[in-house]
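The values are calculated or read from the model by the stated rules, or taken from the named source; none is laboratory data. All figures in this text were calculated on a predicted structure; none of them were measured in a lab. For neighbour counting, all protein chains shown are included, and Cβ atoms are generated from backbone atoms with ideal geometry for every residue, glycine included. These area figures cover heavy atoms from the full protein model, side chains too; ligands, DNA and RNA do not enter into them. Shrake-Rupley method; radii C 1.70, N 1.55, O 1.52, S 1.80 Å.
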Amino acid sequence: MDDLINQPPHYCQGGIECIDAIEAALTPEEFAGFCKGNAIKYIWRMNHKGGKESLAKARWYVNRLFDKP
């Protein structure tokens, strides 16, 4: 079964995950802003699209921020 929160198959093409390509293209500060913005987006829309899945995605982005120095 696919893990649509932590490793969605539609975000992994050519052996690299999209999030890793984005991180490689941005400075650490830019990437932190990207993660923060996505967390806000998923929280913003949780009552209109996605519900708990949107909250789980927001948490994923916040956790990604915690993983960085």
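At-a-glance table
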{"read-out": "Check: the chain dipole with +1 on Lys, Arg Cβ and -1 on Asp, Glu Cβ, in debye", "value": "440"}
{"read-out": "Accessible area (Å², 1.4 Å probe, nearest 10) - Glu23", "value": "50"}
{"read-out": "Trypsin sites (Lys or Arg not before Pro) lying in DSSP loop within the chain, provided at most 14 other Cβ fall within 10 Å", "value": "Lys49"}
{"read-out": "Mean separation of Cα contacts under 8 Å, 6 or more apart, over the residue count of region 16-69: relative contact order %", "value": "33"}
{"read-out": "Accessible area (Å², 1.4 Å probe, nearest 10) - Met46", "value": "60"}
{"read-out": "Selection from Gly14, His48, Val62 lying farthest towards where the dipole of the chain points positive, charges on Cβ", "value": "His48"}
{"read-out": "Heavy atoms of Ile43: accessible area, 1.4 Å probe, square angstrom to 10", "value": "90"}
{"read-out": "Ranking by accessible area, most exposed first, for Phe31, Phe66 with a 1.4 Å probe", "value": "Phe66, Phe31"}
